[in-house]
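Engineer: First the structure, which I've put down as structure tokens, then a few questions once you've had a look.
The values are calculated or read from the model by the stated rules, or taken from the named source; none is laboratory data. In this text the structure is predicted, and so the values were computed from the model without any measurement. With ideal geometry, Cβ positions are generated from the backbone for all residues, glycine too; neighbour counts draw on all protein chains shown. Note: accessible area is taken over every heavy atom of the protein model, side chains too, but ligands, DNA and RNA are not part of it. Shrake-Rupley method; radii C 1.70, N 1.55, O 1.52, S 1.80 Å.
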Amino acid sequence: MDKIALIYVQFPDSSPEIELKELEELIRTAQGEIALSFSQKRNSIDPVSVIGFGKLEEIKAALEINEDIGVAIFSCNLSSTQRTYLKKTLNVDILDKIDLILNIFALRASSAEGKKQVELAQLTYNLATRPEGDFSRQGAGIGTRGPGETKLEMNKRLARKRIHFLKQELEKIEKQRQLTRKKRTANDMFTIALVGYTNAGKSTLFNRITSENVYADNLLFATLDATVRKCVLDCGIEVLFIDTVGFIRDLPHTLVNAFKSTLEEATNADLLLNVCDISDEHVEEHIAVTEQLLAELNASAPLIRVYNKCDVSDISVSNSCANKVLFVSAKTGQNVDVLLDTISQFVLQKYAKITLKAPLFESGILLGKLHNYTNKYDIEYFDDYVLVHTTVRKEYVTQFTKYLYFC
Ligand SMILES: Nc1nc2c(ncn2[C@@H]2O[C@H](COP(=O)(O)OP(=O)(O)O)[C@@H](O)[C@H]2O)c(=O)[nH]1
Ligand SMILES: [Mg+2]
């Protein structure tokens with residue numbers, strides 16, 4: 001965890017409560033810990049000191065006492081001049097909200113394309129907002145994370161070349177994608193992605209669902225990626241749950257492509273849970289934005305709207321929409337069982353219970369083949385044949401036509 005000083009700048013039209021909550025969530029997601037927090041009301045940003053020279057002195061003094069804080073995050077966008085001055089005065093790394101968001105994307109980008117998108121966005125933003133001397137620092141902590149192979153000593157000239165290269169590469173990938181759509185591999189598990197705005201409660205719901213249905217080898221997944229966990233549903237089928245970064249309020253337009261790359265797992269999911277915060281007055285707008293972007297990304301999986309935080313809301317949302325609607329509380333656990341039942345029903349629609357019959361001498365071949373699709377089956381031995389009871393995705397049933405005894 002990197003220790004952070006958060007500096008929130010409040011303008012006359014700000015909604016401090018919501019904005020601060022979101023910043024805190026973003027910092028947590030970026031694996032940072034807020035050690036000090038400052039807030040300053042301004043009508044406009046000072047072109048040099050951002051928050052005023054007096055306030056800056058106060059922060060400087062506090063940072064001198066708290067030597068373990070290495071990063072200051074400002075809630076407003078910073079120019080090159082401001083960064084230079086702030087860094088010189090405060091003597092810590094200076095980041096703004098966009099840097100923070102890009103850091104999170106860098107952490108989450110997993111595909112080659114996603115990494116390139118994020119690197120492109122980072123380089124473009126850095127070029128526009130950083131002085132030459134403070135240009136490129138790639139490392140492990142907040143503010144220094146990058147997804148690509150960016151050289152440590154990169155300067156602006158190299159950055160422009162790299163941006164040109166990345167754009168060309170991304171164009172190629174885009175053309176390629178139009179030719180080949182991702183094919184499902186045989187042993188792909190059913191995946192369920194939690195999407196929606198930050199602060200809607202995705203991670204809380206993710207933890208509630210996956211900790212109550214923990215699977216023994218979850219640790220394996222946990223070490224690989226804390227945002228993917230394997231569970232066994234009550235219906236007996238193994239599934240993967242994926243937590244996503246989530247939509248960020250007022251996401252700058254320049255980051256949209258990089259943001260989309262963080263949703264790539266979601267676009268391949270078999271089922272989407274659009275987690276919404278029912279206590280947020282903008283909930284309907286959030287739903288619309290989320291579902292529209294998913295459509296743009298060709299995420300064709302069925303979607304369940306999950307209205308979360310029903311413990312703190314007495315709004316009765318109309319059930320008129322065509323999609324399935326569920327009211328839950330990730331915090332108290334209310335209705336989470338109903339949600340899991342609904343998920344099970346979706347999953348079961350995709351799977352078939354089958355019984356296979358093979359002569360004893362062929363049972364090895366049959367099981368070998370079955371292992372490509374599932375590790376869960378019951379086997380009954382008879383004098384000269386075996387019966388194998390199992391569950392596979394419906395589209396694979398035809399692979400076993402020869403042995404099909406009961407379906
Ligand atoms: N009252 C209430 N608060 C919740 C509920 N679910 C999540 N929260 C809170 O909402 C905040 C954001 O939750 P989080 O899971 O981090 O949201 P995410 O950004 O969507 O992953 C946290 O402070 C949670 O404690 C809920 O069902 N009821
Ligand atoms: Mg989260």
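Engineer: Being within 16 Å of ligand 1 (Cβ to nearest atom), farther than 18 Å from V118 by Cβ and part of a loop (DSSP other than H, G, I, E, B) is the filter here; which residues of region 258-295 pass it?
Structural biologist: I278, S279, D280, E281, H282
Engineer: Does E17 meet the test of being within 28 Å of V118 (Cβ to Cβ), within 16 Å of ligand 1 (Cβ to nearest atom) and of a type in the set (D, E, K, R)?
Structural biologist: Answer is no for this residue.
Engineer: If you scan region 16-38, which residues turn out to be in a loop (DSSP other than H, G, I, E, B) and either touching an Asp or Glu at 6+ places or on another chain (Cβ under 6 Å) or open to solvent by less than 50 Å² (accessible area, probe 1.4 Å) (or both)? Can you show your working first?
Structural biologist: Applying the first criterion (in a loop (DSSP other than H, G, I, E, B)) to region 16-38 yields 30-31.
A30, the sole residue that qualifies.
Engineer: Every residue in region 231-257 that is more than 16 Å from ligand 2 (Cβ to nearest atom) and part of a strand (DSSP E or B), please.
Structural biologist: C231, V232, E238, V239, L240
Engineer: Same structure again: Would you be able to say whether some residue in region 301-310 is over 20 Å from C231 (Cα atoms), among the hydrophobic types (A, V, I, L, M, F, W, C) and in contact with a strand residue (DSSP E or B) (Cβ under 6 Å, 6 or more places away or on another chain)?
Structural biologist: Quick first cut of region 301-310, residues over 20 Å from C231 (Cα atoms) only: 305, 307-310.
Subset that is among the hydrophobic types (A, V, I, L, M, F, W, C): 310.
Still in the list and also in contact with a strand residue (DSSP E or B) (Cβ under 6 Å, 6 or more places away or on another chain): 310.
Taking every residue of region 301-310 in turn, at least one turns out to be over 20 Å from C231 (Cα atoms), among the hydrophobic types (A, V, I, L, M, F, W, C) and in contact with a strand residue (DSSP E or B) (Cβ under 6 Å, 6 or more places away or on another chain).
Engineer: Related question: For the condition part of a helix (DSSP H, G or I) and within 16 Å of ligand 2 (Cβ to nearest atom), what is the one hit in L86, L107?
Structural biologist: From the options L86, L107, the qualifying one is L107.
Engineer: Quick check on region 106-125: of everything there that is open to solvent by 20 Å² or more (accessible area, probe 1.4 Å) and of a type in the set (G, A, S), which residue is farthest from the chain's Cα centre (by Cα)?
Structural biologist: Selected residue: A112.
Engineer: Of the residues Y377, Y396, Y373, Y381, which is open to solvent by 90 Å² or more (accessible area, probe 1.4 Å), aromatic (F, W, Y) and not assigned by TED's automatic domain parsing to the domain that holds L273? Can you show your working first?
Structural biologist: Numbers: Y377 fails: open to solvent by 90 Å² or more (accessible area, probe 1.4 Å); Y396 fails: open to solvent by 90 Å² or more (accessible area, probe 1.4 Å); Y373 fails: open to solvent by 90 Å² or more (accessible area, probe 1.4 Å).
Criteria check complete, one pass: Y381.
Engineer: Could you check G364 against (1) open to solvent by 20 Å² or more (accessible area, probe 1.4 Å); (2) within 34 Å of the chain's Cα centre (by Cα) and say which number it fails?
Structural biologist: (2)
Engineer: Whether any residue in region 89-101 is of a type outside the set (S, T, Y), in a helix (DSSP H, G or I) and in contact with a Gly (Cβ under 7 Å, 6 or more places away or on another chain) is what I want to check.
Structural biologist: Let us first name the residues in region 89-101 that are of a type outside the set (S, T, Y), namely 90-101.
Keeping just the survivors that are in a helix (DSSP H, G or I) gives 90, 97-101.
Subsequent filtering for residues that are in contact with a Gly (Cβ under 7 Å, 6 or more places away or on another chain) retains 99.
Yes, that holds for at least one residue.
Engineer: Looking at Y307, is it among the aromatic types (F, W, Y), modelled with pLDDT of 90 or more, within 30 Å of I209 (Cα to Cα) and in a strand (DSSP E or B)?
Structural biologist: Taking the combined requirement at face value, the residue satisfies it.
Engineer: Taking into account only those residues within region 268-283 that are away from ligand 2 (no atom under 16 Å from the Cβ) and open to solvent by 20 Å² or more (accessible area, probe 1.4 Å), which is nearest to V347 (Cα to Cα)? Reasoning before the result, please.
Structural biologist: From region 268-283, those away from ligand 2 (no atom under 16 Å from the Cβ) are 268-271, 278-279, 281-283; that's our starting set.
Narrowing the set further to residues that are open to solvent by 20 Å² or more (accessible area, probe 1.4 Å) leaves 268, 279, 281-282.
Numbers: N268: 15, S279: 29, E281: 32, H282: 31 Å.
Restricting to residues being away from ligand 2 (no atom under 16 Å from the Cβ) and open to solvent by 20 Å² or more (accessible area, probe 1.4 Å), the top hit is N268.
Engineer: Next question. If I filter region 126-138 for residues that are crowded, with 19+ Cβ neighbours inside 10 Å, at pLDDT below 95 and within 20 Å of L20 (Cβ to Cβ), do I get at least one hit? Talk me through it step by step, then tell me what you get.
Structural biologist: Going through region 126-138, the residues crowded, with 19+ Cβ neighbours inside 10 Å turn out to be 126, 130, 136.
With at pLDDT below 95 added as a condition, the list becomes 126, 130, 136.
From what's left, within 20 Å of L20 (Cβ to Cβ): none.
Looking through region 126-138, none of the residues is crowded, with 19+ Cβ neighbours inside 10 Å, at pLDDT below 95 and within 20 Å of L20 (Cβ to Cβ).
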